[in-house]
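Readers should treat all values here as calculations from the given coordinates under stated rules, not as data from a laboratory. Here the structure is a predicted model, which is why all the values come from computation and not from measurement. Here the Cβ is made from the backbone with ideal geometry for all residues, glycine too, and neighbour counts use every protein chain on show.
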Amino acid sequence: MGAENVVSDPARCRAYECDGLTGYRVVPELVLLPQTAEQVASAVRVCAARGVPFVARGAGTGLSGGAVPVAEGVVISLQRLRRVLEVDPVNRRAVVEPGVTNLDITKAAAPFGLYYAPDPSSQQVCTIGGNVAENSGGAHCLKYGFTTNHVLALEVVLADGSVVTLGGDTGEQTGPDLRGVFVGSEGTVGIATRITVKLLRTPETVRTLLADFPSVAGAGEVVSEIVAAGIVPAAVEMMDALAIEAAEAAVHAGYTIGTPAALVVELDGPVEECDGQFEQVKAICEAHGCTRLHIAGDAEERAAVWRGRKAAFAAVGRISPDYFVQDGVVPRTRLAEALDRIAAMGAEAGIRVANVFHAGDGNLHPLVLFDADKGEHDRAEKLSGEIAELCVELGGSLSGEHGIGTDKVCSMPKQFTPEDLAVMGRVRGAFDPSGLCNPGKLLPTPRMCGERPGEYRPHPLEAAGVIERL
Amino acid sequence: MTGTAVSTLRPTDLASARDAMLAVPGRVAITGAGTADWAGRLEPVDAVLDTTALSGVLTHNPGDMTASVLAGTPLRELAEELAPHGQRVALDAARVARGATVGGLIATADSGPSALAYGSLRDLVIGATVVLADGTVAHSGGHVIKNVAGYDLTKLLQGSHGTLALMVEIVLRLHPIPERVATVAVQCALADASTHVQRLLMSPLEPVALEWADGRLLARLEGTAEAIDARAARLVELLGGTRMDDEVWQRHAELVGGRPDGAPTKGARLRIGCLPSRLPGLLAELPATAVTAGFGTGIATVTMPSDAVDAAHKIVYAAGGTSVLRDRPRDCDAPAWGPAPSALPVLRAVKSTLDPDGRLGPGRFAPWM
């Protein structure tokens, strides 16, 4: 690969010791920076031949520790594979290398009136390869779906160094949907080296409003009513008072300090549809005691509303020295209950929790605020894990878009039975029998999580009296 | 089928489905409503797992826009339960009207014209509980639309043709039923259709379906009562054509999925996918007796003489496309699939880890595996 593409100096390797979840750090033995897909494949072949574990890495913005290196392993950075290989406006798709940023796909498509729909908050820097690994969402996935709904084909280097294509030009399938299994597999079954994505036509119009409410529950009712009216908004986001305070301190986006809840609702589509439904949304807000209704009058005002929302994570640093971000999902109808429970749990632990979330799809992002210098770390970490597991208890999921990674791997037995996890392990083994591909992520191992198999809960068959544990 | 009696089991719930899987030795065919004979011809089996009694809606949460069903539930029955709530599963595959089951539609990776906007069931299934050949019960996904915990094993079911697992429970995301639907038909030759399609797709009108069939291009819009007429008028202004009743889609469905009474039709039907821009040229090369072509999705259904199927696979493959036999006349011994994909070793490895003894759906992926 050439010495210029290899980092072995431990001091320089340290730059790769963690991803966006900075609590987990492991310095890799070696970092490889291949320039071509062929170099990725040959690097993997060398790892396979010598039994060296490897971890693929994009921009390192992931929030679940999915790109944390393995001790005595290799990091394969895809940052130098950053060519947009093709933009095909006729067939509305683009072919890109994995190191291309999410936003650069849209920039390449924009001259044709097209864009790439999934828009994670980190879209300026996160890479499409990382998006594929995590099945990234974003604020607009309520209407447009997730990465998996926008990837047509993947060229993949498997753990033995062989190269295969999953999916095809149309997303039509020849056999079981392996592309769909690969998307969201968190780098544990191979490395994507070439990605074909769908492009959508830019909507004719976009209408955005920011509405304040006297309670989070009240704002939640508005969301339910919008949905019940048969409206599919492009995005529905909610922030609570603490999150607003942080975001305003950082970016002065025009949110109301002190309001208990603010909703961002965005509609897009053909003018006739959008205008009529936007009036309906405004009426629903007003009928539910909205205390302030701000309509973004132009693109600049719209950008300001989104700046406030998207800044919230980072801005929390202004009101707390340290924090954890959670990513659990609850059924939308249980949002108010989830938030009440989280508030009570925070009060009991003596830890503040700010809430920013994708209200339309029930994806919470509780920000657990703490001060490590005051010895609050362990208490906050415990609360953070309990919040994720609460989401499972309420019929939801540990993660909506950040992934399991290293962070939530030991919580997986809360959501899945030992049999479920064993079947996932069998599928992982079908792609990577050697287990060299990003080991220790996504599926719990006794080494990481102790021998505890997780909390006992009856298997459905056990509950039905079909089987019994002896 | 073998000459000896083949036992048929009709499980009714998860427990009896697992029992049935363990009770039958040897090779097993999983069947649904029998609305398609898709993929490779089934080899002789020792038993049939008939899923039609695995039927019924388990949950419907209108506020969450999710529903779960037993996998043998006909999609149209689910649709009837959802409709009073103004909700639907956004899949309009041709077989739905003939009683196709949710599990069968997943197993065949079927989709209809509105795949242009909503995708196929791969995009709408959010959770599943299955029984593997060794009796293991496994579930993946869940009851929330947004969920990245664990591998998305529901995707493996999509297009599995009964070869990996018995689907028992399926969780689906729902969409609202639009207030109004409008269809505009534009008379045009196949060769001219893609020009119209390009203009429409670059317009802001957001059609949900765009299909050429029987000498005309059909475009479907969904929207609100107050907006739909204005949008349809804009479409007519853009392409010409006239508003039609939605019944015109029934003829399309027959060309794709066969006659409403299920009576056999003449010729073999091939489902093809290729880059939309290559579709007109590709279709011109095939000895088609009937065609529907989605110039937005790249998916076409082509009826042709049985003896033309083998060559057709190769022509499609050469164009970079995919093809599968979706309806096989009795006299047709042509292979169901074209040349194997590069990922065949992975498909084989997945098959052998989930069904090591090769019990389920033997022959469906012949000649690949």
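In whole angstrom, how long is each semi-axis of the equivalent ellipsoid of region B:181-305, when you take the square root of 5 times every eigenvalue of its Cα gyration tensor and sort them from largest down?
Semi-axes from the Cα gyration tensor: 26, 17, 11 Å.
In peptide B:62-69, what is the residue-averaged number of other protein chain Cβ atoms found within 10 Å of each Cβ?
Mean inter-chain Cβ contacts per residue within 10 Å come to 4.
To the nearest 20 Debye, how big is the dipole of the protein assembly as shown about its Cα centre, given +1 on the beta carbon of each Lys and Arg and -1 on that of each Asp and Glu?
Dipole of the protein assembly as shown, to the nearest 20 debye: 1660 debye.
Taking 2.2 N^0.38 Å as the expected size of a compact globular protein, what ratio does the Cα radius of gyration of the protein assembly as shown give against it, to two decimals?
Relative to the rule-of-thumb radius for its length, the protein assembly as shown sits at 0.92.
Note down the Stokes-Einstein diffusion coefficient of region A:10-65 in µm²/s, whole number, using a Kirkwood radius over alpha carbon pairs, 4 °C, and 1.567 mPa s.
The diffusion coefficient I find is 104 µm²/s.
Take A:Gln280 and A:Arg292, extend 7 Å from each Cα along the Cα→Cβ direction, and tell me the distance between the two endpoints in nm.
2.8
Given +1 on the Cβ of Lys and Arg, -1 on the Cβ of Asp and Glu, and no further charges, what dipole in debye does region B:312-360 carry about its Cα centre, rounded to the nearest 20?
60
Place +1 on the Cβ of every Lys and Arg and -1 on the Cβ of every Asp and Glu in region A:205-393, take the dipole about the Cα centre, and give the residue among A:Tyr255, A:Gln280, A:Ile295 whose Cα lies farthest towards its positive end.
A:Tyr255
For the charge dipole of region A:167-208, defined by +1 on Lys and Arg C-beta atoms and -1 on Asp and Glu C-beta atoms about the Cα centroid, which residue among A:Thr208, A:Thr170, A:Ser185 has the Cα displaced farthest towards the positive pole?
So the residue we want is A:Thr208.
Could you work out, residue by residue across A:179-187, how many beta carbons of other chains sit within 10 Å of that residue's beta carbon, and then give the average as an integer?
5
With everything on Cα atoms, drop me the angle between helix A:418-431 and the longest principal axis of chain A, reported from 0 to 90° to the nearest 10.
50
As a footprinting exposure proxy, order B:Asp331, B:Asp134 by other Cβ within 10 Å, with the fewest listed first.
Neighbour counts put them in this order, fewest first: B:Asp331, B:Asp134.
How many Å³ per residue does the convex hull of the Cα positions in chain A occupy?
In chain A, the Cα hull volume divided by residue count equals 167 Å³.
If you take the Cα atoms of region B:130-185, find Rg, then find the Kirkwood Rh from the mean of 1/r over all pairs, what is Rg/Rh?
1.15
Give me the dipole magnitude in Debye, nearest 20, for chain A about the Cα centre, with unit charges on the beta carbon: positive for Lys and Arg, negative for Asp and Glu.
Roughly 980 debye for chain A.
Sorted from fewest to most neighbouring beta carbons within 10 Å, what does the list B:Thr265, B:Thr292 look like?
Ascending number of Cβ neighbours within 10 Å: B:Thr265, B:Thr292.
What are the aspartates and glutamates whose alpha-carbon lies under 19 Å from the alpha-carbon of B:Lys266, with same-chain residues fewer than 8 places away excluded?
B:Asp37, B:Asp214, B:Glu254, B:Asp307, B:Asp310, B:Asp327, B:Asp331, B:Asp333
Would you kindly compute the Cα radius of gyration of region B:180-246 and its largest Cα-Cα separation (Dmax), both in Å?
10.9, 35
Using a 7 Å offset from Cα along Cα-Cβ at A:Glu337, what residues in region B:53-93 end up with backbone N under 18 Å from the label point?
B:59-68
Which whole number gives the average, over all residues in A:423-434, of C-beta atoms from other chains lying within 10 Å of the residue C-beta?
5
Positive end of the charge dipole of chain A (Lys, Arg +1 and Asp, Glu -1 on Cβ, about the Cα centre): tell me which of A:Asn355, A:Tyr24, A:Ser411 has its Cα farthest that way.
Going by the charge dipole, the pick is A:Tyr24.
Gain in length, B:Asp214 to B:Asp333, computed as 0.36 nm per residue apart minus the alpha-carbon separation, to one decimal in nm?
Working it through step by step, the gained length comes to 40.0 nm.
Taking 2.2 N^0.38 Å as the expected size of a compact globular protein, what ratio does the Cα radius of gyration of region A:84-201 give against it, to two decimals?
0.97
Among the lysines, which fall within straight-line cross-link reach of A:Lys414, defined as a Cα-Cα distance under 23 Å, with same-chain neighbours fewer than 8 residues apart omitted?
Correct list for A:Lys414: A:Lys382, A:Lys441, B:Lys146, B:Lys155.
How large is ³J(HN,Hα), in whole Hz, for each residue of region A:290-304 in order, when computed from phi with the Karplus curve 6.51 cos²θ - 1.76 cosθ + 1.60 and θ = phi - 60°, using x for Gly and Pro?
For region A:290-304, the Karplus curve yields 4, 8, 7, 10, 10, 9, 5, x, 8, 4, 5, 5, 5, 4, 5 Hz.
Taking the simple approach of a point 7 Å from Cα along Cα-to-Cβ for both A:Ser42 and B:Ala225, what is their distance in nm?
6.8
Quote the FRET efficiency, to the nearest 0.05, computed for A:Met1 versus A:Ala110 with a Förster distance R0 of 35 Å and r equal to the Cβ-Cβ distance.
0.55
With just the Cα atoms of region B:264-327, tell me how far they stretch along each of the three principal axes, in Å, largest first.
31, 20, 17
For the ranges A:51-61, B:227-237, what's the packing order if you count other beta-carbon atoms within 10 Å of each residue, average per peptide, and put the highest first?
Going from most to least packed, we get A:51-61, B:227-237.
How large is the helix-only mean residue ellipticity at 222 nm for chain A, computed as the sum of -39500 (n - 2.57) over DSSP H runs with n ≥ 4, divided by its residue count, in deg cm²/dmol to the nearest 500?
The per-residue figure over chain A is -10000 deg cm²/dmol.
Tell me whether chain B comes out rounded, prolate or oblate; compute the Cα gyration tensor, take square roots of the eigenvalues as a ≥ b ≥ c, and use a/c under 1.5 as the rounded threshold.
oblate
Please find the FRET efficiency linking B:Lys266 to B:Asp192, where r is the Cβ-Cβ separation and R0 is fixed at 41 Å, and quote it to the nearest 0.05.
Computed FRET efficiency for B:Lys266 and B:Asp192: 0.90.
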